[in-house]
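I have placed the structure first, in the form of structure tokens, so that the comments after it can refer back to it.
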Amino acid sequence: MKPYLSIVIPAYNASETLERLLASLAKSSFKHFEVVVGDDASNQQLTVNRLQNSRKITYKLRVVRLARNRGPAAARNAASKKAKGEILVFLDSDVTVYSDTLAKIAVKFKKDHDLTAVTGVWDKHQKTKAFFPQFKALRDWSYWTNERDRDGYYYLFSTRIAAIRREVFLRLGGFNEAFRQMEDVEFTYRIAKRYAIIFAPDVRVHHEFEGFSRIAQKYFWRSFYWTKLYKERRKFDPVATTVWESMAGVSAVGAISVIGAAIILFFIMPIPQIKSAAFILALVLLIIHIFLLRKFLRFVLAEKGFGFMMKALGVGLVLYCIILAGALYYSIRTPARVVS
């Protein structure tokens, strides 16, 4: 029987996390699905090769292997071409699903035949007690549930957990393989030209987040590539990269820059007026920043308490600097063309 859902997973040297994902899919309450893994020319033996004959895998599982490493967009496209389901469900290889995740996706598409695309969310819980993974989980949850632009007519097609009708996906040409990062955002813009992307907060997956350095690298490069997309479209997004979030970033970097400049100038020219003016300007920028982040800060305060909230505010300031650095790096690498 033809499956209703095709679960598409890109994987590159992801044996450990992929094994957990495949095991979680086996516990799904919805059974009418297949799994197609796009192996992006991994150096290691993918766990699925071993699990295909395992009793843990009770569903149809196929692996499409790319001849060379081409990025997650190409891996998803190759797997999608082999998929047989009416609905394509995209999952990252480092998440796990809940027993009802697939069932909720299937019900939404079966009840609404006009529904084209759905995007879900990571949950806000972490197994680790370390600060930064907890901060990151809460930050992402708040973007989607507390801070999103209520007037936005679409939501980002976030491939950590997102679904789309297969015929529409193929008609749109799939993911742009020129993008090795932000391919989901670029695809979002092409979907949104003709269709709505619905946010389903009850469609959730779990992900254990990495530490600060790894996330900081991702922020830098996602900012780099998003800046490229922004310069082409001149539009902000309804989630995470909203105009308000951009203003929060500018105010954060401004406050830190003013404080840093004041410290340097104080030792070069120890003039009290300069110190006072810099302090007042930095304070004003910080107050603006806190105002722009008020929804997130209230949320974190309720979830974790005052101390966690203050630490989150400080870490957020640093991350905003990294995000702006990624945007500036793109601007330096690709200067504006002069039109004669």
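General remarks:
- For the chain, the longest principal axis of the alpha carbon atoms and the long axis of helix 294-304 meet at an angle near 70°.
- Cα-based Rg of region 130-264 normalised by 2.2 N^0.38 Å, two decimals: 1.17
- Computed over region 218-320, the range of Cα coordinates on each principal axis works out to 44, 38, 21 Å, biggest value leading.
- Note on the chain: Kirkwood radius taken over Cα pairs, Stokes-Einstein applied at 10 °C and 1.306 mPa s, translational D equal to 73 µm² s⁻¹.
- Region 97-104 - phi-based ³J(HN,Hα) in whole Hz, Karplus 6.51/-1.76/1.60, Gly and Pro as x: 9, 8, 4, 9, 4, 5, 4, 5
- Summary value for the chain: 17 percent relative contact order, contacts being C-alpha pairs under 8 angstrom separated by 6+ residues.
- Neighbour-count ranking [beta-carbon atoms within 10 angstrom, fewest first] of Arg20, Arg150, Arg194: Arg150, Arg194, Arg20
- Inter-probe distance in nm under a simple model that places probes 7 Å from Cα toward Cβ, at Ala67 and Ile268: 5.8 nm
- Crossing angle, helix 15-26 versus the chain [Cα axis fit, 0-90 degrees, rounded to tens]: 60 degrees
- Taking every DSSP helix (H) stretch of at least 4 residues in the chain, weighting each as -39,500 (n - 2.57) and dividing the sum by the residue count yields a mean residue ellipticity at 222 nm of -17000 deg cm²/dmol.
- GNM top mover of Leu293, Leu91, Leu156 - the chain, alpha-carbon springs below 10 Å: Leu293
- Sorting His207, His113 from the fewest to the most surrounding beta carbons within 10 angstrom yields His113, His207.
- Alpha carbon centroid spacing (whole Å) that separates region 122-158 from region 179-237: 13 Å
- Here the spin labels are modelled as points 7 Å beyond Cα on the Cα-Cβ line, and at Ala41 and Ser99 they lie 4.2 nm apart.
- Ellipsoid semi-axes in whole angstrom, largest first, where each is sqrt(5λ) of the Cα gyration tensor of region 15-172: 25, 21, 17
- Order of Val63, Val95 - criterion: other Cβ atoms within 10 Å of each residue's Cβ, fewest first: Val63, Val95
- Working ranking of peptides 182-191, 101-110 by packing, defined as the average number of other Cβ atoms within 10 Å per residue, highest first, is 182-191, 101-110.
Any read-out appearing in this document is the output of simple, stated calculations on the displayed coordinates, not a laboratory observation. Just so it is clear, the structure is predicted and the values come from calculations on it, not from any experiment. All Cβ positions, even for glycine, are placed from backbone atoms using ideal geometry, and neighbour counts span all protein chains on display.
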